[in-house]
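The structure appears right after this line, and notes come after that.
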Amino acid sequence: MIEVTLLGTGSPIPDARRAGPSTLVRAGGQTFLVDCGRGVLQRTAALGVGANSLSALLLTHLHSDHIADLGDVLITRWVSNFAPDLAPLPIIGPPGTAEVVENMLKAFGPDIGYRIAHHADLTAPPPVEVEEVTDGVVWGRDGVSIRVAPTDHRPVAPTIGFRIEHGGASVVLAGDTVPCRSLDDLTAGAGALVHTAIRKDLIDPLPMQRIKDICDYHSTVEQAAETAARAGVGILILTHYVPAIQPGQEEEWRALAASVFDRQIEIGDDLHRVEVHPGVCAKPGG
Ligand SMILES: [Zn+2]
Ligand SMILES: [Zn+2]
């Protein structure tokens, strides 16, 4: 079984009830943080998951809302580890990730210096191990494998989606993307698809062009559902709601997805949890 928890279902616009985009995937005793938006560690704390118990950080792309708390993840993991040797945190993301991580550590340079000077048992900066990828298998440990494929969030490029597999169960995390062939291929036959979504019908009428621009490079609810339907997945999990779902509006969002995808649809608030079992897989020939 793979367990998916929506840590943050918000977007770049601050919301009192929704943290920034981030999803926790737990499989075979391993814990993967996919993107690390605003407030992510407050949400993992609610689950009893500390920064120092992460197996890896997976980044779909380098938009600010998806990496807003990268510094917090790196520093908190480092200061809350009391074992003598802290292993490097594997960080898997698109090209550009290494520079962002390096610059983040630079920005926290004074903090890192203060702590090394003050605590005898902290002798080196937060250890990281960054892998930049656009395609292929990136993880294979103790029965958990992870594959990456390009998505299409242009002009933001490159961007990637992840497929995590364990014991016959599988989950794809699409991130921000418009429908594209490589995401279809990555998602084919998966148990679940976690996809970000926007309501074009609500965004398009707004008078600000900069807000309208959002529609250019995101999937609508219906497009995300179409991707799920084409791939034959068992469960569509929508997140990163733009605009934020207001109380009572949830069924409207669900109905839009259900108009093109007739299987399980999950929409929820932060900490919404979905179990993906091995049996939840493709329709025959899907
Ligand atoms: Zn984005
Ligand atoms: Zn985003």
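Read-outs throughout are calculated quantities, based only on the coordinates presented, and are distinct from any laboratory measurement. Because the structure is predicted, anything quoted here is derived from the model rather than measured. Methodologically, a virtual Cβ is constructed for each residue, glycine included, from the backbone with ideal geometry; neighbour enumeration extends over all protein chains shown.
Think of each Lys and Arg Cβ as +1 and each Asp and Glu Cβ as -1; about the Cα centre, that makes the dipole of the chain roughly 160 debye. Give me the Kirkwood hydrodynamic radius of segment 153-209 in Å, from all C-alpha pairs, to one decimal place? Every distinct Cα pair counted, the radius reaches 13.0 Å.
Rounded to the nearest whole Hz, the Karplus-based 3J(HN,Hα) values (6.51 cos²θ - 1.76 cosθ + 1.60, θ = phi - 60°) of segment 195-202 follow the sequence 9, 7, 8, 10, 9, 4, 5, 9, with x at glycine and proline. Extension gain, R154 to K106, is 14.5 nm, computed as 0.36 nm per intervening residue step minus the present C-alpha separation.
If the chain between R273 and E250 were fully stretched, how many nm would it gain, using 0.36 nm times the residue separation less the Cα-Cα distance?
Values: separation 23, 0.36 × 23 = 8.28 nm, distance 1.61 nm.
Using 0.36 nm per residue and subtracting the Cα-Cα distance, I get 6.7 nm.
Each peptide among 252-259, 117-124, 34-41 gets the average number of other Cβ atoms lying within 10 Å of its residues, and from highest to lowest they stand as 34-41, 252-259, 117-124.
Taking 0.36 nm per residue of separation and subtracting the current Cα-Cα distance, fully stretching the chain between D262 and C215 would add 14.5 nm.
The share of Cα pairs per 10 Å bin across the chain, counted from zero up to the longest distance, runs 7, 30, 37, 19, 6, 1, 0 percent. When shorter helices are ignored and each DSSP H run of at least 4 residues is given -39500 (n - 2.57), the per-residue value for the chain at 222 nm works out to -7000 deg cm²/dmol. Using a Gaussian network model of the chain in which every pair of alpha carbons under 10 angstrom is joined by a spring, one finds that among S182, S80, S145 the greatest mean-square fluctuation is at S80.
Highest mean first, what order results for 99-108, 208-217 on Cβ atoms within 10 Å? Provide the component values of the computation, followed by the final result.
On the way: 99-108: 15.3, 208-217: 12.2.
Listed from highest to lowest mean packing, they are 99-108, 208-217.
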